[in-house]
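Read through the structure below, which is laid out as structure tokens, and then see the notes.
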Amino acid sequence: MPGAIGPGAGGARSLYRRILLLHRALPPALRELGDRYVKEEFKKHKAAGPAEARRFLREWENYAALIWQQINDDKQSSRKKAVFGIQLTEEKLNDFRDEQIGQLKELMDEATKPKQKITISEDSEHKS
């Protein structure tokens with residue numbers, strides 16, 4: 001569980017838990033990716049200053065609201081495949097630091113990599 005993120009840390013913990021609960025409605029691969037990312041980001045921002053903490057929490061509140069809306073839209077839709085997330089505008093991307101752009105690239109690579117099939121043959125030998 002994440003520690004305090006600046007002032008109003010109780011709100012940060014509540015938001016963290018709410019996001020993980022929302023992720024339960026996502027497809028398994030997205031849930032795993034999202035959970036991992038949320039945990040890493042909240043951990044990285046434990047010692048954020050007040051201004052950065054407010055900005056961080058505001059963005060995650062926006063994310064939680066968006067995911068909640070998309071989950072509800074999906075439940076009411078007859079589409080076969082759910083759509084989650086948004087396109088980032090150029091203006092929004094310009095606000096990102098180089099580190100954040102790198103993280104987005106890693107997320108995109110992870111989300112678009114081909115699904116790996118794991119085959120276990122009965123005659124394979126496992127050594128410790």
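The values are calculated or read from the model by the stated rules, or taken from the named source; none is laboratory data. Because the structure is a prediction, the values reported are computed rather than measured. Because the Cβ atoms are built from the backbone with ideal geometry, glycine has one as well, and the counts that use them run over all protein chains shown. Accessible surface is based on the protein model in full, side chains and every heavy atom, while ligands, DNA and RNA are left aside. Shrake-Rupley method; radii C 1.70, N 1.55, O 1.52, S 1.80 Å.
Contact annotation: residue pairs with Cβ atoms under 6 Å, 6 or more positions apart or on different chains, pairing a residue in segment 9-37 that is under 25 Å from residue 47 (Cβ atoms) with a partner that is outside any helix (DSSP H, G or I), are 12/5; 16/2. Does residue 101 satisfy the condition of being in contact with a Leu (Cβ under 8 Å, 6 or more places away or on another chain), open to solvent by less than 100 Å² (accessible area, probe 1.4 Å) and farther than 17 Å from residue 22 by Cα? When the stated conditions are applied, residue 101 passes them. Of 32, 41, 52, 59, all but one fail to be modelled with pLDDT of 90 or more, open to solvent by 90 Å² or more (accessible area, probe 1.4 Å) and either closer than 24 Å to residue 109 by Cα or not small (Gly, Ala, Ser) (or both); the exception is 32.
Scanning segment 66-94 for residues that are surrounded by fewer than 12 Cβ atoms within 10 Å (Cβ to Cβ), at pLDDT below 80 and part of a helix (DSSP H, G or I) returns 75, 76, 92, 93. Among the residues making up segment 11-59, those that are among the acidic types (Asp, Glu) and under 13 Å from the mean Cα position of the chain (by Cα) are 32, 35, 40, 41, 59.
Please determine, by comparing only the residues of segment 38-65 that are assigned to a loop (DSSP other than H, G, I, E, B) and of a type in the set (Gly, Ala, Ser), which one is farthest from residue 13 (Cα to Cα).
Taking segment 38-65 first, the residues assigned to a loop (DSSP other than H, G, I, E, B) are 45-49.
Among the residues that remain, those that are also of a type in the set (Gly, Ala, Ser) are: 47-49.
Values: 47: 14, 48: 14, 49: 16 Å.
Ranking the candidates gives 49 first.
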